[in-house]
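The values are calculated or read from the model by the stated rules, or taken from the named source; none is laboratory data. The model shown is predicted, which means the values in this text are computed figures rather than measured ones. Here Cβ is always computed from backbone atoms with ideal geometry, including for glycine, and neighbour counts include all displayed protein chains. These accessible areas exclude ligands, DNA and RNA; they are computed on the full protein's heavy atoms, side chains included. Shrake-Rupley method; radii C 1.70, N 1.55, O 1.52, S 1.80 Å.
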Amino acid sequence: MTIVDNQLNLLIALYEEEKDRLQELIRECISESEYLFAYYHSEALYQLSGKLQTLHNIEDKLYDEKEFRKRIINAFERRAETDGSNNMRECYDKVVELTKEELRLLNLIPKVETFPGVETLLDESLAKLLDKKIKDLKLILKKADNFFIGFSYSKKMLKVSLPYVKHHTIKRLLYEDHINSFKKLGFDLSVNETKLSLTLTGSKEDILSKLKIILAKIVFEIFHYKEFENESYIQFTNLDSR
């Protein structure tokens with residue numbers, strides 16, 4: 001899959017792929033009379049659809065309104081195809097025409113950026129870190145609480161860490177559910193429970209691709225993205241003196 005620059009769009013794209021996969025699994029299970037497995041996949045699809053709707057609404061504040069009009073258009077187009085009455089078809093066509101115009105106007109409204117400028121700067125900074133042009137890269141989430149994710153790169157390994165876990169737990173910035181979610185992403189909790197850390201290896205492109213998915217899930221799944229509005233920024237030491 002093409003690497004999507006925007007973290008949110010990347011996560012949406014991944015979940016859309018997973019949604020398609022689950023729908024195909026459900027069809028296969030039903031065709032083979034595996035109804036219990038079809039039910040399990042349906043439950044997973046239901047949960048995934050809920051996440052997708054939330055993410056789409058973050059990406060586009062008018063998403064629900066647009067989807068509502070799309071459903072109206074599809075429903076009345078189907079009715080127009082099956083109804084034998086010319087008068088009713090004209091009525092359905094009129095509803096479709098008006099709703100399409102409403103949808104067109106909604107699509108003309110510019111989307112508001114979730115994190116203006118921050119994601120592009122983070123992508124650029126991570127690339128510079130792997131090229132050894134900067135060091136000590138941090139994604140500051142809440143400066144006042146010293147709540148940040150740190151990145152370091154050496155020997156073709158990118159280390160990602162969230163320090164002061166015990167302190168953040170006491171301050172109720174982190175809960176057990178948060179820590180467990182980090183572990184599901186591959187993070188390890190240190191023996192003294194003070195740091196969550198993750199090591200990524202591979203080519204630079206592979207590392208950045210994996211990291212984008214992980215960061216997207218941290219911001220949009222583990223936490224609520226609005227927690228970091230107006231507080232997030234990038235910090236690093238510049239090594240490129242030219």
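For this structure, a couple of remarks:
- Per-residue SASA entry for Tyr15, accessible area with 1.4 Å probe, Å² rounded to 10: 20
- Of all the options Lys94, Lys156, Lys51, the one that moves most in a Gaussian network model of the chain with Cα springs shorter than 10 angstrom is Lys94.
- According to the Cα-based calculation, Rg over Rh for the chain is 1.08, with Rh computed by the Kirkwood formula.
- Heavy atoms of Lys204 accessible to a 1.4 Å probe, total area in Å² rounded to 10: 80
- Residue ranking by accessible heavy-atom surface, 1.4 Å probe, largest first, among Val219, Val160 comes out as Val219, Val160.
- Cα gyration tensor, the range 24-76 - rounded (a/c under 1.5), prolate or oblate: oblate
- Computed accessible area, Tyr233, all protein chains, 1.4 angstrom probe, square angstrom: 80
- The Cα center of the range 123-153 and the Cα center of the range 154-220 differ in position by 13 Å.
- With contacts taken as Cα pairs under 8 Å and at least 6 residues apart, the chain reaches a relative contact order of 20 percent.
- Mean separation of Cα contacts under 8 Å, 6 or more apart, over the residue count of the range 115-242: relative contact order %: 34
- Most to least accessible of Arg21, Arg69 (protein chains only, probe 1.4 Å): Arg21, Arg69
- Cα shape, the range 148-242, gyration tensor, a/c 1.5 rule: prolate
- Taking a straight Cα-Cα cut-off under 22 Å and skipping sequence neighbours fewer than 8 places away in the same chain, the lysines within cross-link reach of Lys100 are Lys61, Lys66, Lys70, Lys111.
- In sequence order, calculated HN-Hα J values of the range 32-42 (Karplus, 6.51, -1.76, 1.60; Hz; x Gly/Pro): 9, 6, 8, 6, 5, 5, 4, 5, 4, 5, 5
- For the chain, the dipole from Cβ point charges (+1 on Lys and Arg, -1 on Asp and Glu) about the Cα centre works out to 1240 debye, to the nearest 20.
- Estimated FRET transfer efficiency (Ala144, Leu105; beta-carbon r; R0 25 Å; 0.05): 0.05
- Per residue accessible area of the chain, 1.4 Å probe, in Å²: 63
- 17 Å Cα-Cα reach of Lys156 towards aspartates and glutamates, excluding residues that sit fewer than 8 places from it in its own chain: Asp131, Asp136, Glu205, Asp206
- Dipole of the chain computed with +1 at Lys/Arg Cβ and -1 at Asp/Glu Cβ about the Cα centre; of Ser209, Leu106, Ala127, farthest Cα towards the positive end is Ala127.
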